[in-house]
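As C-alpha cells, the structure follows; a few thoughts come after it.
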Amino acid sequence: MQFGVDAAKDGDNLEVSFEFAQLSSFSENSSSQDSKPIINTVSTPSISTAINLMNAYVGKQLNLSHCKVVIFSEEIAKKGILPEVAELMNNTQVRPTVNVIVSLGDAKDYIENSVSSLEQVLTKYYDIFPTTSEYTGYTSNILLGPLYEDLISKDHGAVTILGKKSKSAKQQESTSGESSSSAGGMDSSDSSGNSSNSQESGSNEASDSSTTDKTSIEDLLPNESIIEGDRGTENIGLCVFKDDIYVGNLSAMETLCYSLIKNEVDNFLISIDNPSNPTKKIDLSVDSRSLSKIDIDLSKENPVINIQLHLGAKVLTEHEDFDYNNAETLSTLNNSLRDYISSQMKSYLYKTSKEYKCDINGFHKFIKKSFLTMSDFKNYNWEQKYQNAEFNIKINSNVISSLLIQNSH
C-alpha cells in the first residue's frame, strides 16, 4: 500500500489518496486490465484522521507497516512537509524505511500513472526501485527516518525523490485533450482571433522539441522527460528542501554529483565530448574506486571544502577518428573526463550553496570535531557560512579501453 498527500481544493484540508492492490494482481494469471489498483481519496485536516476515516470506509483497519511509498504534491511541499513527516514518524506502524517522493503535480495523479505491465503493483516496483541509485546515480534512496532528521536540522538541507509524469503520459493527456476539444466542436479563440489551444499546442511542441534536441540525459532539466513507455511516471532527480520548504530540484547530472559525494553510487554511465570531434559523444562506464574524501579548511573567513574522488572508467563507444589503444589518446580522454566531472561538481555545489542556500550533503558533520563544544559550533553559524563556501574538486581517474574494443583491432 502507498498513499499520496495533496492540498484540498477548498480550505486548509489535505486530500489523502490511498492505493490498494487487488488480490488478482498477485496471481500468475492476472492481466493488466483486471489488476489496476484501487484508489480511494478522503479530504481531512490530517493524515491520521484520513487513515481513521479510511478504516471506517473499507471496513477494516489499515496496516501501514506494508506501506512502501509516501507521495507529497508539489503544492504541499511548497508549504512545508515537516508536520506531515513528523505525524508519520509518530505512527508506530509506518516504517522509517518508507520512500518519500515529491511529485511535480498532484500526488493522486502520480499514483494513477505509476502502474506498469512490467510491475503491475506499485509496491513491487518500489521494492526494487531504490537499488537503481547504485548503478545510475540519477536518483537516491530517500527514506522517511533520515529525511525527518534532516528536516529538523538547521544546518542540514533535505532531499526527496523527484517524481514526474513521463513523456508518454504527457503525450496521452495532450492527445486526449485535443480529442475532447474536437468532439465538442468548440473554437476557443479570443477577441483578437488567436486560438488559445493553438498557443498551448505550440508551447508544448516547443517544449518537446527542446527535449528532443538534448544529446544525453545528463543535460535534461529536472522537469523534462525523454522516456516513452507504459509506465506514466519516472523518478529521475531530487527535490531540495530548506527549513522543510521545497525550494527547487536537482537534474539527473546534479543528482549524480550528490550521490558521488554521499558514496551512494557504485558505477554509472556518462557521456562526454569526443576530444577529436566535439560534435560526437563518447560513452564511459565509470566506477568509484574508493570512498570520497572530504576535508574542510576553517582557517579562512569562509570555509574551503576540498573533495577528492577516485574513479575508474572504461570506454563503451568507438569512433574511427579515435585510437583507443594509444596511451596518449587515453590520457587526453582521461583529462576530458576529469574536467567534465569537476565542472559539473562545482556547478552543483555552488547551486546548493548560492541558490538553495542549504547543505544537503551534510558537510557540517565533518567540521564538528573542530569545535570543543556544541555551543562553539552553533556560534560559527554554519548555515550562513556555507552560502559563501569555496569548493575545490580533485579527480583521480584512470580511463582504459574496454576489452571488446581492444580485441577488435
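Figures for the structure shown
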| item | result |
| --- | --- |
| Under 12 Å, Cβ to Cβ, from Ala7 - net charge with Lys/Arg +1 and Asp/Glu -1 | -4 |
| Two-site label geometry, Lys78 and Asn263: point separation in nm, points 7 Å out along Cα→Cβ | 3.9 nm |
| Net charge contributed by nearby residues that have their C-beta within less than 12 Å of Pro45 (K/R +1, D/E -1) | -4 |
| Residue order, fewest to most surrounding Cβ atoms within 10 angstrom, among Met345, Met1 | Met1, Met345 |
| Cβ crowding within 10 Å averaged over residues, with 276-284, 53-61, 303-311 ranked highest first | 303-311, 276-284, 53-61 |
| Reachable lysines, given that their alpha-carbon falls under 21 Å from the alpha-carbon of Lys108 and they are not under 8 places away in the same chain | Lys9, Lys36, Lys68, Lys78, Lys79, Lys124, Lys164, Lys165, Lys167, Lys170 |
| Ranked list, fewest to most other Cβ atoms within 10 Å of each Cβ, for Ile47, Ile245 | Ile245, Ile47 |
| Local net charge near Ile400, Cβ-Cβ under 13 Å (Lys/Arg +1, Asp/Glu -1) | +1 |
| Proxy reagent accessibility, fewest Cβ within 10 Å first, across Ser292, Ser401 | Ser292, Ser401 |
| Candidate lysines - alpha carbon under 17 Å from Lys314, same-chain residues fewer than 8 apart omitted | Lys281 |
| Relative contact order %, the range 252-409, counting alpha carbon pairs below 8 Å whose residues are six or more apart | 29 percent |
| Charge-dipole axis of the range 303-409 as Lys and Arg at +1 and Asp and Glu at -1 on Cβ define it, positive-most pick from Val304, Leu316, Ser342 | Val304 |
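Taken together, the values in this text are just the output of simple stated rules run on the coordinates, not laboratory data. What you see is a predicted model, and the numbers here were worked out from it, not measured in a lab. Neighbour counts run over all protein chains shown; Cβ positions are idealised from the backbone, glycine included.
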